[in-house]
Amino acid sequence: MHLTWQKKGSKIAAVPVDGWTQMVVYRKDLFENADLAPPTSYANIVAAVEKLSKQNGMFGFVAATKTDENFMSQVLEHVLLANGVNIVKKGGIKKQGKKLKEALEFYKVIAKASPPGELYWKQSRALYFAGKTPMIIWSPFIMDELAGLRDSAPPTINSDPTSPELASKTGFITNFSGPSNKKGAAWADVRYFGITADADTDEAKQFIMYSMDEGYASTLSIAPEGKFPVRRGNSSDPEAFTKAWSKLPVGVDRKAPLSDLYDPDVINNIVAGLDTANRWGVKEGELSRASKVINSQFINRITRLYIDDQIDVDEAVDMINKSLAKFN
């Protein structure tokens, strides 16, 4: 749904340029050594949390718990989407029940396996880089840092902050599932080229056509780790742009192409996540309504009350439904 041209009525309003998918970032080596399946489902993640928690002083997960951070909103939406939770329907709000309850119960498990306190992207990255947790949920902007290419955010798993060791031990899952949604879901952020009403339309069209064809690699090179190609290739090679993207240098203080840091299957899997990625309200034409719900952050706050044992899960679902109803 993200990879179609965005239309307003019968007219094209914007062209998708690039995007990134949120990911479960995990230690492949620890999973393999413990004979654990990759974290592709709630059940697999819970099994890994139970087996790897406190192993060598590790936290089983580092979940987002800081309620006023957009990071928690993103992670929660991904987790809820994984179990088929959708807060909107065409023309209004969708009442929640079993799927939301299961998702909140899962989130409490990973939150209880996390350190205490107000956690967001900063702590999750630092603890993963230090080898103190086997799993976090993060964006692909972590991929160059994992390989020791940024001095301000170095891996501390060993004594060499420039080592690619942690990158070689890391796997990425874009699509994971809950018990009520076996096909699972991915969460993505996609950017678009739009042409304003007062623009030089012909010139703007030429710019977009160039930026999405001959100049596409240059467009993606602005930040390759967070600009996945939504256009994979052309008539001569259906994977031309994916191949070119994988060879673009990433990093801050040092540079290296993603294809030198990660196996081809990793590259292909994270790009393929855009094919199944979803967001609340897009398919229903209710993105504005869904955005208002997300930005109000009441789902974060109620989830935190449940995590902290101040309310039970049924109360949490009821409170979320009452708050959702205000957006009808």
Flagged pairs (Cβ under 8 angstrom, 6 or more apart or on separate chains; first in the range 278-289, without any contact (Cβ under 8 Å) to a residue 12 or more places away in the chain; second crowded, with 20+ Cβ neighbours inside 10 Å) are LEU287/ARG279; LEU287/TRP280; LEU287/GLY281; SER288/GLY281
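To keep it simple, each residue is scored yes or no on (1) basic (Lys, Arg); (2) more than 23 Å from the chain's Cα centre (by Cα); (3) surrounded by 15 or more Cβ atoms within 10 Å (Cβ to Cβ).
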position	(1), (2), (3)
THR242	no, no, yes
SER259	no, no, yes
ASN269	no, no, yes
LYS283	yes, no, no
ILE294	no, no, yes
THR303	no, no, yes
ASN321	no, yes, yes
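Do any helices (runs of 4 or more DSSP H) entirely within the range 209-328 hold 2 or more residues that are at pLDDT below 95 and at negative phi, and if so, which? Give the steps one after another, and end with the answer.
Values: elements: 216-220, 240-246, 258-261, 264-276, 287-296, 298-307, 313-325.
Once the helices (runs of 4 or more DSSP H) in the range 209-328 are filtered for at least 2 residues that are at pLDDT below 95 and at negative phi, what remains is 240-246, 258-261, 264-276, 287-296.
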So the check is Cβ under 7 Å with 6+ separation or different chains; which pairs have a first residue in the range 68-91 that's more than 20 Å from ASN328 (Cα to Cα) and in contact (Cβ under 8 Å) with a residue 40 or more places away in the chain and a second one that's of a type in the set (D, E, K, R) and outside any helix (DSSP H, G or I)?
MET72/LYS66
From the residues in the range 57-67 that are farther than 18 Å from VAL25 by Cβ and in contact (Cβ under 8 Å) with a residue 60 or more places away in the chain, which one is nearest to the chain's Cα centre (by Cα)?
THR67
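Restricting to the range 180-208, and then to whatever is of a type in the set (Asp, Glu) and assigned to a helix (DSSP H, G or I), can you tell me which residue is surrounded by the most Cβ atoms within 10 Å (Cβ to Cβ)?
Our first condition is that a residue be of a type in the set (Asp, Glu); within the range 180-208, this holds for 189, 198, 200, 202-203.
Keeping just the survivors that are assigned to a helix (DSSP H, G or I) gives 202-203.
Details: ASP202: 8, GLU203: 10.
So, considering only residues that are of a type in the set (Asp, Glu) and assigned to a helix (DSSP H, G or I), the one surrounded by the most Cβ atoms within 10 Å (Cβ to Cβ) is GLU203.
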Considering the range 106-120 alone, what residues qualify as being surrounded by 18 or more Cβ atoms within 10 Å (Cβ to Cβ) and among the small types (Gly, Ala, Ser)?
ALA111, ALA113, SER114
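Out of GLU118, GLU165, GLU145, which single residue is farther than 19 Å from ARG27 by Cβ and at pLDDT 95 or above? Before the answer, list the steps.
Numbers: GLU165 fails: farther than 19 Å from ARG27 by Cβ; GLU145 fails: farther than 19 Å from ARG27 by Cβ.
Only one candidate passes the filter, namely GLU118.
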Scope the range 70-115; condition assigned to a helix (DSSP H, G or I) and farther than 19 Å from VAL24 by Cβ; matching residues
LYS98, LYS99, LEU100, LYS101
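Yes/no per residue for (1) surrounded by fewer than 20 Cβ atoms within 10 Å (Cβ to Cβ); (2) among the polar types (S, T, N, Q); (3) farther than 30 Å from THR162 by Cβ:
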| residue | (1), (2), (3) |
| --- | --- |
| PRO238 | yes, no, yes |
| SER246 | no, yes, no |
| TRP280 | no, no, yes |
| SER288 | yes, yes, yes |
| PHE298 | yes, no, yes |
| ALA316 | no, no, yes |
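The values are calculated or read from the model by the stated rules, or taken from the named source; none is laboratory data. Predicted, not measured: the structure shown is a model, and the values here were computed from it. All Cβ positions, glycine included, derive from the backbone under ideal geometry; neighbour counts span all protein chains shown.
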